[in-house]
Structures are given as structure tokens and as C-alpha cells.
Amino acid sequence: MGQTSSTTLAEEEKYSRERADWLKPITSRDQLVQRYRGVLSTFCLSFEERSWLEQVFDKHASQPGLFLGVGSFPYHQDPVKELDLGTLRTAVVLLLGNDEQNFPLAEDEEEEGEGENERAPQVQARYTRILFQSLAPSTSLGTGERSERNDEDIKETLRIVSKRRILRHPHTPKIGTPAPQLPSPSSLPPSHAELLNGRLTQADLQALIRLFLACQLHWADTDPERILASSLGGLEKVTDATLGAFDLDQDGLCGWQSFHRVMEQLVPDVQSAMACILNSFIEKPESICNEDEPTIV
């Protein structure tokens, strides 16, 4: 009885803290990112996936790589300094495309008749852009005029945040606290969605190419570990050959136009390829039990 009372009290105190944060209007980058991450973690990752990420976090925290940038969305061009669990979760959700799967933009569009096939190129282009900006952030953040198109990532973040507008009591779900009105995109720090003047280093480009080529081997063979072990030297040669398709400047850096052109040819469906790469990363152990999934309100 005592333990149950203590547990209930702790949960009530946690809910009170969450409610206090919930009622604060979103006025800063940190508040926006925190609310956005909460929705993604709750509705775009299963209980097993969340538990598994907690288990493997220590292993991957020392090698942030792409996770650090993508996980800082919509501020992926000005990422957080250190990889934490929330950043890792967000990166995995976006790299797997779970945000689009759970909250497809088509549901919010007024125009009818735009099917999945029509939207696929838009999703692909956005995904490729975020990959590039995360690996090669712009060096001119904070300059230039602000525009609606430059706020596209802020608008997308607010769109996701709008999917959860009520905080439910943990023991009495009928009791709910509505969230404050969402801010306008222009009232928040800009995300610079249109800034694509960063440069990708040759080392990062090689690592990315190697990942996608290894993924193609995975698709082509039922035993990818065996084929990779037997053809590692060949993989490196193909990686070097593919690198030659990119136009590098005199410093060995790759710009957006060249990156976008070659990636369209090399990996026509970059999102599916990245999901394939991450599947083994988020493989769920059988020992983790299921939990009832939340309902969007």
C-alpha cells in the first residue's frame, strides 16, 4: 500500500511539472523543440523502440555523426553541441520517415487529388535537403532577409506540434489540459530552410556513399554480412569511383547542386535506403514487453 501511494504521489508530481511546462506559450527555440520531440517520441516510436534506444544510447552517444544534425531539426543547421537521448530519438524518427508516415502532410492539405505518388518527389527532395544541411550547415546563418519559404521547417515543426493539443492526466484520461495557442512561425528563431551554401567534406561524403552502397548490397543479398566481408575492398573501390561523380571544389568540398544531382542518380529513394540502414540499429529485443499505444488527441 505504501509503495503504491508513493508511486502515485511521484506520478502526480511529475504530471504537475509537465502541466506547468505544457501551459507555457511556445516563445523560444528550446520550447518548440521540446514540444516537437514529445509528439514524435509519443506517436512515432513504439514503446519497444523507445526502450531499445535508451539501451543503445551510451553506445552511440560518442559517435553522433548525422544523428546530431538531423536530431536538432528544425535547427539542424545550428545543432546542439552534444547528443542526448531526445536528439537521438528525433534523428531516428526523421531518418526512418516515421514523422511523414504518422502525420502525412496530405491530411492537412486543402486541395484534393494529390496522392502518395504525387507527393513522393517532394518528400524525397525535403529529405535529401535535410541530410545535406545536417552534414554541411550554412556558414551564413543570421544573414539575409526572412521569408515564408525560409520558415518551411518551422511551419512543419508547428504542424507536428499541433497534433497533440491536450495533455491527459495519467490516471484520469478524461481530465485534460488544452495547450496554449501556437505561435506564428515568424515569432520564433528562423530555421533557414532555403540556405544551401554549406560545403560537405570529402570524408563525410565518402562515409555517406559507403553507407548507401552497403545498403544496396543488403537489398541484393540475403546475407549482407557475408557479401560485405568478401567484397570490402571492392566496396572501397566503388566508393572512390562514385566520389568522382561529385564536383568538388579546390578544397575538396561538395556543394548542394552537385550533391543533389548525384544523389538523385545514386539513391533514387534515399529515405528507404536510410531506413534500411537503420533497421538493424533499432532492432527490438524480444525481452521488451508491449505497451498500449497512445491515441492522438
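Read the figures in this text as sums done on the coordinates, not as results from a lab. Since this is a predicted model, take the numbers as computed values, not measurements. A quick note on method: Cβ atoms are made from the backbone with ideal geometry, for glycine too, and the neighbour counts reach across all protein chains shown.
Peptides 177-190, 151-164, 77-90 ranked from most to least packed give 151-164, 77-90, 177-190, packing being the mean of other C-beta atoms within 10 angstrom over each peptide's residues. The packing ranking of peptides 269-275, 202-208, 10-16, highest mean first, is 269-275, 202-208, 10-16, where packing means the average number of other beta carbon atoms within 10 angstrom of each residue. Rounded to 0.05, the FRET efficiency of the Glu194 and Arg19 pair, given R0 = 25 Å and the Cβ-Cβ distance, is 0.10.
Relative contact order of segment 10-94: 28 percent, from C-alpha pairs under 8 Å at least 6 residues apart in sequence. Counting 0.36 nm for each residue step from Gln31 to Asp251 and taking away their Cα separation leaves a gain of 75.3 nm.
Annotation: peptides 166-173, 24-31, ranked by per-residue average of other Cβ atoms within 10 Å with the highest first, follow the order 24-31, 166-173. Each residue, His260 and Asp204, gets one label point 7 Å from its Cα in the Cβ direction; the gap between the two is 1.8 nm. Computed from label points 7 Å out along Cα-Cβ, the spacing between Val56 and Gln122 is 3.2 nm.
Taking a 22 Å limit on the Cα-Cα distance, which of the listed pairs Lys24/Lys155; Lys81/Lys163; Lys24/Lys163 fall beyond it? Please list the in-between numbers first.
Values: Lys24/Lys155 19 Å; Lys81/Lys163 28 Å; Lys24/Lys163 17 Å.
Flagged as over cut-off: Lys81/Lys163.
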